[in-house]
Amino acid sequence: MLLAHWKYPVSLLRHALRGTLIDFVADPSAHAQALRHVEDGLLVIEDGRVLACGEYNVLAGQWLDAATSLDDHRGALITPGFIDTHIHLPQIDVIASPARGLLDWLERHAFPAEAGYADPARCAESAAHFLDELARHGTTSACVYGTVHAQSVDALFEAALHGGWRMAAGKCLMDVNCPEALRDTAEGGVAESAALADRWHGRGRLAYAITPRFAGTSSRAQLQAAGALARARPELLVQSHVAENLTECRWIAGLFPEARSYLDVYERFGLLTPRSVYAHCIHLDAADRARMAAQGAVAAVCPTSNLFLGSGLFDFDAALAAGMGLSLATDVGGGQSFSMFSAMRSAHEIARLNGHGLSALQLWYWATRGAALALGWTRVGTLEPGAEADVIVLDPKATPLLARRTARAASIEELLFALLVLGDDRVVTQTYIAGVPAKLH
Ligand code: GUN
Ligand code: ZN
């Protein structure tokens, strides 16, 4: 059943959700009172947006009239959906494939799978499954890599537009060091990107991301042209991979000896901008982190992928100290799970291995509001009136173990921590995209 979004017309009716409301009013890395927590709350939604949010007792009299349907989720959390800032559409087909490391994984698994996306029917089928999988895991927005084929992005945007999703995506630019079947050209690939941006950017809630795959698969001419497009169209996002794996870093240093660092390759071509999202950022140095912060570029940290491929341990303390913008991401299929619970749990484990501690609130923020702001999206990742109603309902008693553990939580932080460690798609009772249920059961 891949087409279930079609069942739900975008509702203009008012409806309300009752339950425990959780969102962030500030960044918990910088502010002590960043979490908003309303134990018995009411969220009123109309025309895809939040109309009111607060204490049930205060709001019920004003908002619950005969024309408003009420879903009673008492005992559950109602919170902004997760936002995955780095994920690959075609790699849904090779998730959970072992390899000796990043470059081996690309050659043996990713590239062969991506070659199949020349077929528009395959793109459409995959895009529908991909969105279903996001909804199942409580992810309401993502920043997505298609393949080199424009049709992969057309298919994803088509399905996302139909389902009302806020979604960013781009076709991979890759003109060297990759199989013939996945190669575009320096100018042709960027012209296709511009055409995709013309076709989709700003339609519904869609955003185009200029997507040089990584410095290893783009010629200087292509990086130059991508940078020119980013300069000409500053409203577009830019996304790429950087400093993921030491073998990769050495290879890039050999390809671009003129650059001070891997990150510097991108900066030289005008690709380090306030709209840039760089995946991994593991093997950066202090100067790189300072450049990321100065330019307002953000990291999409991919903890499950980094563990699965053995890429390395992201340094959260150094990134925070440098003032870098952070977000969490799955990097499916290098990452082995669509679940942002997994991403948060693995981020915790990576921080521990580095001798650092992260709070449940920091992790949750980077998977929701922080991720939204990383993408420049102010209207999602929050329950504020006027926000887009991308909301999930989470059942802290979804499994017997969760029920036992969360019943003993002495604070909301403790409950969120237990949820992020023990949670998975079973916790997600419902996913609302612009106020419309989208989760298949
Ligand atoms: N670097 C370049 N392409 C990829 C990819 O598809 N996945 C990961 N994890 N890293 C990359
Ligand atoms: Zn990736």
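The values are calculated or read from the model by the stated rules, or taken from the named source; none is laboratory data. Worth saying up front: this structure is predicted, and the values here are computed from it rather than measured. Cβ coordinates were reconstructed from backbone atoms using ideal geometry, including for glycine residues, and neighbour counts include every protein chain displayed.
Checking the stated criteria, A319 turns out not to satisfy the condition of being within 16 Å of ligand 1 (Cβ to nearest atom), within 19 Å of the chain's Cα centre (by Cα) and either in a helix (DSSP H, G or I) or of a type in the set (S, T, Y) (or both).
Kindly indicate whether L206 is at pLDDT 95 or above, crowded, with 24+ Cβ neighbours inside 10 Å and either away from ligand 2 (no atom under 16 Å from the Cβ) or not hydrophobic (A, V, I, L, M, F, W, C) (or both).
So L206 does not fit the description; no.
Within the stretch 275-295, the set of residues being in contact with a Gly (Cβ under 7 Å, 6 or more places away or on another chain) and away from ligand 1 (no atom under 16 Å from the Cβ) comprises R275, A293. If I ask for residues that are surrounded by fewer than 24 Cβ atoms within 10 Å (Cβ to Cβ) and small (G, A, S), which ones from the stretch 80-99 would you list? Within the stretch 80-99, A96, S97, A99 meet the criteria. Given the criteria within 16 Å of ligand 2 (Cβ to nearest atom) and among the acidic types (D, E), does E55 qualify? No, not satisfied.
Checked against (1) within 16 Å of ligand 2 (Cβ to nearest atom); (2) assigned to a helix (DSSP H, G or I), A160 passes all but condition (1). Taking the condition within 13 Å of ligand 1 (Cβ to nearest atom) and either surrounded by fewer than 24 Cβ atoms within 10 Å (Cβ to Cβ) or more than 18 Å from the chain's Cα centre (by Cα) (or both), does L272 pass? Taking the combined requirement at face value, the residue does not satisfy it. Going by the structure shown, is A290 more than 15 Å from ligand 2 (Cβ to nearest atom), under 24 Å from the mean Cα position of the chain (by Cα) and among the small types (G, A, S)? When the stated conditions are applied, A290 passes them.
S339: in contact with an Asp or Glu (Cβ under 7 Å, 6 or more places away or on another chain) and more than 23 Å from L103 (Cβ to Cβ), yes or no? Yes.
Quick one: which helices (runs of 4 or more DSSP H) lie wholly within the stretch 325-379 and hold at least 2 residues that are within 16 Å of ligand 1 (Cβ to nearest atom) and buried (at least 21 other Cβ atoms within 10 Å of the Cβ)?
Answer list for the stretch 325-379: 340-353.
Among the residues of the stretch 219-236, is any under 23 Å from V190 (Cβ atoms) and either within 16 Å of ligand 2 (Cβ to nearest atom) or in contact (Cβ under 8 Å) with a residue 60 or more places away in the chain (or both)? Scanning the stretch 219-236, I find no residue that is under 23 Å from V190 (Cβ atoms) and either within 16 Å of ligand 2 (Cβ to nearest atom) or in contact (Cβ under 8 Å) with a residue 60 or more places away in the chain (or both), so the answer is no.
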